[in-house]
1. Scan L116, L62 and give me the residue that is modelled with pLDDT of 85 or more and surrounded by 11 or more Cβ atoms within 10 Å (Cβ to Cβ).
2. Could you tell me which numbered condition M1 fails, if it satisfies all but one of (1) among the hydrophobic types (A, V, I, L, M, F, W, C); (2) part of a loop (DSSP other than H, G, I, E, B); (3) away from ligand 2 (no atom under 13 Å from the Cβ); (4) free of Cβ contacts under 8 Å to residues at least 40 places away in the same chain?
3. State all residues of the range 11-60 that are without any contact (Cβ under 8 Å) to a residue 12 or more places away in the chain and closer than 26 Å to E81 by Cβ; if no residue qualifies, say none.
4. Kindly check whether there is at least one residue in the range 61-75 that is touching a residue at least 24 places away in the same chain (Cβ under 8 Å) and within 14 Å of M1 (Cβ to Cβ).
5. Filter the range 19-35 for residues that are surrounded by fewer than 17 Cβ atoms within 10 Å (Cβ to Cβ) and either part of a helix (DSSP H, G or I) or within 13 Å of ligand 2 (Cβ to nearest atom) (or both) and give the result.
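The values are calculated or read from the model by the stated rules, or taken from the named source; none is laboratory data. Worth saying up front: this structure is predicted, and the values here are computed from it rather than measured. Here the Cβ is made from the backbone with ideal geometry for all residues, glycine too, and neighbour counts use every protein chain on show.
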Amino acid sequence: MQCEDAPCARVCPVGAIRLNRETGAYEVDEDRCLGCKMCSLVCPFSAVVPDRYTGKAVKCDLCKGYPACAAVCAPDALRFEEDIHARVAQRREAAAQIRTSILREGAVIPSGLEKLGSAGYES
Ligand code: SF4
Ligand code: SF4
């Protein structure tokens, strides 16, 4: 489970949980994790738990975009649906690059649109 606005990542005092923009998964950096369990406390789905031996946080990282659980599930009870947030992030980035290259050519942003953020979204 990957929240759009992941409480686990927001609460972590050392920034050990970060979004992988390629896969849309929030991943734990074990080297940074202190094992404080704050992420487990705030997760609404109990989807991040301390490792039994190390005490460090463990959560699904979507197997780098190819979830093994979904691949082996014979009756298709588990299905991997492409993460919408990753797709949105990629499109925002593409939009920002296009906008930058258009401005480089000397184009003028129509009045009323200046308040939009660099990727065309209100900030
Ligand atoms: S571990 Fe919990 S809070 Fe973090 S992204 Fe997954 S469901 Fe959301
Ligand atoms: S257990 Fe680790 S990942 Fe979770 S909040 Fe604490 S330091 Fe961050």
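1. Details: L116 fails: modelled with pLDDT of 85 or more.
The match here is L62.
2. (4)
3. Within the range 11-60, R18, S46, V49 qualify.
4. First pass over the range 61-75, keeping only residues touching a residue at least 24 places away in the same chain (Cβ under 8 Å): 61-62, 64-65.
Adding the requirement that they be within 14 Å of M1 (Cβ to Cβ) leaves 61-62.
Within the range 61-75, one or more residues are touching a residue at least 24 places away in the same chain (Cβ under 8 Å) and within 14 Å of M1 (Cβ to Cβ).
5. Hits for the range 19-35 are D29, E30, D31, R32, L34, G35.
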